[in-house]
Amino acid sequence: MNPRRRGLTLAELLVVISLILLGLSVVVVNLHRRPAGAQGSMGLAKQLVAELRGVRSKARSTGSPRALCIPSNGGVTPCSQSYYLLHGHGKTAPRLVVDTSRDFPDTYLFVGICTPSTIGSSNLNPPAFMVASWLNPVIRDFVLTFTSDGKFYTNDLPHDSAGNTYVVVSDGLGYVSASAPSGTATMGSSPPPYFSLTRANQPWIVKISSSGAIGLSQDFGNSGSTVAISNSQPSAPSTAPAPPVVRTIATTAPVIEDIVSQPAANPAYNPPFETTVPPDGRVSLTLMAYDVDGDDLTYNFSSVGEDTPEPGNFTYPNGIRTLQYPNNGAQGQAKVDWVPPATAVTGDRFDLNAVVTDETGLSVTSTGRVTVEVNVKVIQAGTIAYDSNGDIYRMRGDGTTPKRLGPGQWPSLSPDGLRIAFVWNKLQTYTPPGGGAPVSESVKRIWTMNSDGSNLQRVTKADNSNLANWNATRNTNDDCPCWSPDGTKIVFARTSNGAPSSTKLQIVNANGSWVKKDLTTGTAPSWSGVDPGDGMVIAYHDTSTGKMARIKPDGSASLQLIAGNMPVWRRDGAGLLYLSGGNLNECKPDGSANNLKCTGPIGRVAINPKGTEFVGVAGSWPDLYQDPGLAAPATVNTFRPITAVFPFDGILSWSAGR
C-alpha cells in the first residue's frame, strides 16, 4: 500500500485534534474581535470613543495609567486597521488586541495632522506625567494615555494650539508626509515622520483634549483645512500591521514589600512585629506591594485571634479591594483599619495577614505576622458623655479628645455609642390641633443626635391627638432619658406643670412613637441589661415615697426598695449604686445588703460597661473609682481628663461603643 495514501489511526487523529484545539485556545484568549453588525466609519468611530472612555474610566478607578495604542509600523504608517490596550505598573504590556478590519474592512484609523492651520508648537506633555518614562520598553506606536486623574497624554502626536489631539476614522483616505510641529515630545531616539490628511471619505473625527474629554463629530472644525472630503472611495492605503497577538503574559507572583502599622510597631519584632492597641481603638495598616508583570493587584486581609475565637473587623473604604498607585508609580498601596472585637481583654493577641493577588490569579501572603496585642488601660475603653454649663460634651474613656456637641443636659449614650439622648430646653412653636394661632413655648423635650453632634431629632412632644390633650401636655417638661439595652426605646420622666404637679415615667421608641404612657410615678430611671429574675429591670426614684423602686417595662408590677436617689444598675445586674445622704451607697436588687460604697460623689455616676470602674463627679470634676465588687468599698483614683474649661454638671453616661 502507498504510504502517502495511508489514513490516520484513531490515536493519531486525537493527537492532531488536541494540538489544534490547544493552538486555538491560545489565540482566542488574547485576540479580541468586536461583535459584527456596526459597519463603516460611524460604527468604528463610536466603538473607538467607547473604548477610549473605558480606558479613561479604568485609569481613574485603578489609580494607574491606561492607554489605547494605534500601530504605526515603527513610525512609518499613520493609519491602521487595529488597536490594542496597554497598561502596567512600572512595566507595560499589551492586554487586548482588536483587529478592526474584520468588522470594518474598508475603514481606517488615521493619526496625524488633520487641521494644519491650527497646529501649535506647545508641548502636549506637561511635566506631571511623561509617557516615555512609563513605557518599558519604549513603544514606537501612537500611545493615547490617560492617568489616574483622568488627564490625557501622548508620546508623539500632533495637536492643535488648545492641546487637542485628533484621530480620524474614514472609509478610505489619502495623506502626505509633513514635518513635525516644533515642541512636541519625540517617540524614542528616532521620531517618526508626521503626516497631513489630504482626502477622506465619510470621515468621523474623535477629539481628545488634554483634560481627558473625548468628543465625536463629522466636522473638522476648521474652514481653512486642506482636507478634501471625497464622495468617491479613495485608494486604500497601506496600513500598519496589527501588533503580534499576545499569546502569553508573564505570570510572576506579586511581591508584598512592606506592611506599616499605626500605632507604630516595635522594631525588635520585625518580622513578625507587634503593635499595641486599646480595645476601643484601632490599628491602621498600610500595605505596599508590586508586580513585576505590571498586573493590577487586589488584596484581602484576615485576622485570627490567638486567645479568642473572635477575629475583630477590618474596614475597607467604599468596599474597594484594589491597590492604588500614588503618582502613577509601580508600587501599589492599600490602607485599612482593624478594630478589636468588643470582647477583647488585656493580653489578647491577634495575627493580621494580607493576601495580594494579580490578574492571573497568583497570590502571595504577607511574610511575617502583623501581631497585635490588645492592652486594656484603665478607663480607656468606650465613650463618656457629660453635661457642662448647659452643653453636652463627649470624650474618650481616658478623658482625651473632648468635643462639644451642642446645648443640652442629662446625656445618655446608646449601648452601641452611636447616638446620644439628651434634654433640650428649646423654644418651640406649636400649632393647636384643629388650627388656631401658633403658640411659642420653651419647654424641655427629649432629643437624640449622633455621637458627633449631627442628625438632631426631637423624640418627645405634646399630645396633639385632640385639643384637650394638647393643652394638658404642651407645657410639660421631659427629663432624665435612659436607653433600653437594645437601643430601640427610651424611658424618661415627664413632669406636668398643672396643679397638683406630678412626674410620671414614660417610654417611647427612639423614633418618637409612644410605647407606654404614665408607666409609674417617678424620675431618674435606669434600665438594666440583665434581668435580676423578676423582670423588673427599670430602677427609678419614686417621687411619691422618696424611695427607690423597680418596675417592669410594661408597668405590670413594681417593687419598693429603700430610700435613695439616682439609681444606676451594676453592669452584671447584681446590685444598684445610688445616692443617699451625700454619699454613694450600694444594695442588692431587692434593696437588701445596703452599704456605703464611697463618700463624696454627687450627681449620677457612670459605670464602665466593660471594666470594674465607675466615674462620678466630686465637686466640679470627675473622679475615677475602682470597684472591687458588690458589698466592697470603692477606692478613688486621680482622674483629671483633658476637657473643656467648664466644670462637670454631674450627669455622666458611659458606653462601650467608640
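Please treat every number below as a calculation from the coordinates, not as lab data. What you see is a predicted model; the values in this text were computed from it and never measured. Using ideal geometry, Cβ is built from the backbone for each residue, glycine included, and neighbour counts are taken over all protein chains shown.
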Which aspartates and glutamates does Lys516 reach when only Cα atoms under 20 Å apart count, and residues fewer than 8 places away in its own chain are ignored?
Asp463, Asp478, Asp479, Asp486, Asp531, Asp534, Asp542, Asp554
Could you name the lysines whose alpha carbon sits less than 23 Å from that of Lys335, not counting residues in the same chain fewer than 8 places away?
Lys58
Amide H neighbours of Gly74 under 5 Å, counting only residues 5+ apart in sequence or on other chains, H built in-plane at 1.01 Å?
none
For Thr429 and Thr495, extending 7 Å from Cα along the Cα-Cβ vector and measuring point to point gives, in nm, a value of 2.8 nm
Tell me the Rg and the Dmax, in Å, that the Cα atoms of segment 407-525 produce.
14.1, 43
Amide H partners (placed H, <5 Å) of Asn313, local residues excluded:
Val339
Highest to lowest packing among 395-404, 573-582, scored as the average C-beta count within 10 Å:
573-582, 395-404
For labels at Ser284 and Glu306 in the simple 7 Å Cα→Cβ model, what's the distance in nm?
2.6 nm
Taking a spot 7 Å from the Cα of Leu467 along the direction of its beta carbon, which residues of segment 417-437 have an amide N less than 17 Å from it?
430-437
Zone of Gln262's modelled label, taken as backbone nitrogen in segment 286-302 under 19 Å from a point 7 Å along Cα→Cβ
286-289
The lysines whose Cα lies under 17 Å from the Cα of Lys597, excluding any fewer than 8 residues away in the same chain, are Lys588
Rank these for me by crowding, Glu310, Glu359, going from fewest to most other beta carbons within 10 Å.
Glu310, Glu359
Test of understanding: ordering Thr154, Thr251 by Cβ neighbours within 10 Å, fewest first, what list do you get?
Thr251, Thr154
Order 86-98, 295-307 from most to least packed using the mean count of other Cβ atoms within 10 Å.
86-98, 295-307
Give me the number: length gained by fully extending Gln218 to Ser179, i.e. 0.36 nm times residue separation minus the C-alpha to C-alpha distance, one decimal in nm.
11.5 nm
Amide H of Gln428: which non-local residues (sequence gap of 5 or more, or other chain) have their own amide H closer than 5 Å, using H built in the peptide plane?
Glu441, Ser442, Val443
Exceeding the 18 Å Cα-Cα cut-off - candidates Lys444/Lys504; Lys489/Lys610; Lys91/Lys151:
Lys489/Lys610; Lys91/Lys151
